[in-house]
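One structure is given below, encoded as structure tokens.
The values are calculated or read from the model by the stated rules, or taken from the named source; none is laboratory data. Bear in mind that the values here come from a model prediction, so they are computed numbers and not experimental data. Quick reminder, even Gly has a Cβ in these numbers, built from the backbone with ideal geometry, and neighbours come from all protein chains shown. Note: accessible area is taken over every heavy atom of the protein model, side chains too, but ligands, DNA and RNA are not part of it. Shrake-Rupley method; radii C 1.70, N 1.55, O 1.52, S 1.80 Å.
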Amino acid sequence: MSAAVVVSTLRVEPGKPAGLAGRDPGDRLSLADKESGLARLEEQVARLGFLHNRLWAEQRRSVLLLLQGLDASGKDSTIRHVLTGVSPQGCRIVSFKEPTPAELQHDYLWRVHAVCPSRGEIGVFNRSHYEDVVAAQVRGLVPAHVLKKRPHHIREFERMLTDEGTTLVKAFLNVSRDEQRARLQERLDNPEKAWKFRLGDLEDRARWSEYMVAYEDVISETSTDWAPWYVVPADHNWVRNLAIAELLVSTLERLDPQLPEPDPALLDLRIS
């Protein structure tokens, strides 16, 4: 399957339901096998590094990757494997936790806007402002009349970011309930990963259906022409990583960042 077909397959068309229940978390996207998939991932990681260097040099536009998903869907792992070839100088990763007292004194998008990527950067949100809809809905953190307005807020916030030169790539990492159970158990059993486990993971898992309904609703409401959603099958790590790499590479190729013209005074300069 070509990169263009992968992107098209994963995209949630604006105005249409996300259809999460009908999307297979174990989909291999018609890739022949894991070995060929990993080889293609290596190529795309290198291509991403090349394109990002041009984006950073151009200093005109930015890209923001939003990773959303249930616990153990692979957000951290995706960042490690896909962005390994990107210069840290021009990449900023932000993980959103529960709001601090200072952040709660502002609107819920205030802390998000403050850490959006600068021109030339690839920004990555490991969870994002969508927690203020999904988690808020499932846990009943805000009144219904407040929650109802947030998808509209977000659509217009993302339109503003786009108008100002930031291209958003929004990915929902779609992991199955069985695969999540296996990953949480492995996390608990592995001394190198046990620190990541929290009892709240089990509480959230018990509300799986509620979370999936909340994601279905918000993805359907906020997949727009200027900032569409992509639903990425996440049961196979290599498929998930390749899909995200394809999304980023296709985005940067469409932006086609250009190197600045060198100073004419330097063209004939010879260093002694």
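Exactly one residue among Ser77, Ser62 is touching a Ser or Thr at 6+ places or on another chain (Cβ under 8 Å) and at pLDDT 95 or above, and that residue is Ser62.
Ala206 meets the conditions (1) within 18 Å of Asp27 (Cβ to Cβ); (2) without any contact (Cβ under 8 Å) to a residue 12 or more places away in the chain in every case but one. The failed one is (1). Among the residues in the stretch 14-23, are any over 27 Å from Asp225 (Cβ atoms) and open to solvent by 50 Å² or more (accessible area, probe 1.4 Å)? Checking the stretch 14-23: not a single residue is over 27 Å from Asp225 (Cβ atoms) and open to solvent by 50 Å² or more (accessible area, probe 1.4 Å). The set of residues in the stretch 118-154 that are among the charged types (D, E, K, R) and open to solvent by less than 60 Å² (accessible area, probe 1.4 Å) comprises Glu121, Arg127, Glu131, Asp132, Arg150.
Evaluation of Arg54 against the conditions (1) open to solvent by 20 Å² or more (accessible area, probe 1.4 Å); (2) over 15 Å from Asn126 (Cβ atoms); (3) in a loop (DSSP other than H, G, I, E, B) shows that the sole unmet condition is (3).
Checking every residue in the stretch 47-62 against the condition of being under 30 Å from Arg181 (Cβ atoms) and not acidic (Asp, Glu) gives zero matches.
When each of Val6, Val63, Val86, Val112 is tested for being at negative phi, open to solvent by less than 30 Å² (accessible area, probe 1.4 Å) and part of a loop (DSSP other than H, G, I, E, B), the lone residue that passes is Val86. In the stretch 33-51, the residue that is least open to solvent (accessible area, probe 1.4 Å) out of those that are assigned to a helix (DSSP H, G or I) and free of Cβ contacts under 8 Å to residues at least 40 places away in the same chain is Gly49. Screening the stretch 171-257 for helices (runs of 4 or more DSSP H) wholly inside it with 1 or more residues that are open to solvent by 50 Å² or more (accessible area, probe 1.4 Å) and either over 26 Å from Ser8 (Cα atoms) or among the hydroxyl-bearing types (Ser, Thr, Tyr) (or both) returns the ranges 177-189, 199-206, 208-222. Could you say whether any residue in the stretch 39-58 is over 29 Å from Ala214 (Cα atoms), in contact with a strand residue (DSSP E or B) (Cβ under 8 Å, 6 or more places away or on another chain) and modelled with pLDDT of 95 or more? The answer is yes; a qualifying residue exists.
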